[in-house]
1. Taking the mean number of other Cβ atoms within 10 Å as a proxy for protection, how do you rank 41-52, 21-32 from highest to lowest?
2. At R0 = 25 Å, how high is the FRET efficiency between ILE142 and SER175 if r is their beta carbon distance? Nearest 0.05 is fine.
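Every number here is computed from the coordinates shown, using simple stated rules; none is lab data. Here the structure is a predicted model, which means the values were calculated and not measured. As a convention, Cβ positions derive from the backbone with ideal geometry for all residues, glycine included, and neighbour counts pool all protein chains shown.
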Amino acid sequence: MMIFGRERLNGHYGGAAFVIGNTLSSIPYLLVNTLIPGAIAYYLVGLQKGVEHFFFFVLVMFISVILIESLMMVVASMVPNYLMGIIIGAGIQAIMMLNAGFYRLPDELPNPFWKYPMYYIAFHSFPKSQGSGTSTITGEEIFVTIWHMPMGYSKLIDMVILFGMVVLYRLMFFSIIKISEKIKPTLQTFRCIT
């Protein structure tokens, strides 16, 4: 962000070019960063056979990593200190995990804040222990009885929602950059006067 600030003041490029360049330049690295561990995890655990299932798994991981990176760029654009940005970003991730089903099931979350809107903006959720029963259980049973997840829509809708969140965070990143371009000169002028 500091380099961008200097480049912007020199007139080399603006906020839109920076956001687009940042997004496009991070895609190859993030793709490799999800493809290799995704292949290891997918085949090591023995998930469903078939190339289309593997590519969907990697694509969901890829979009989730881009989502986290977009969220961290929003935090980095608001926080001037690198270490403070990491702390705040980790805190936001922890809040999302608290209400995503890690510690309490979705139906047990208190409504005013933790379920509406926090549960719905968290992008990951996982189960508690499955308890007793037969040794085999279908995926639909896990989703409905253990995770309390609605099954009325397709997994592609979930992916579109994740992608929409990426776009939203990138637009927030761009907006914060544009707002800071307008506010910083005013604040510096005010400091010089006082």
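1. Per-residue Cβ counts within 10 Å, averaged per peptide and sorted highest first, yield 21-32, 41-52.
2. 0.05
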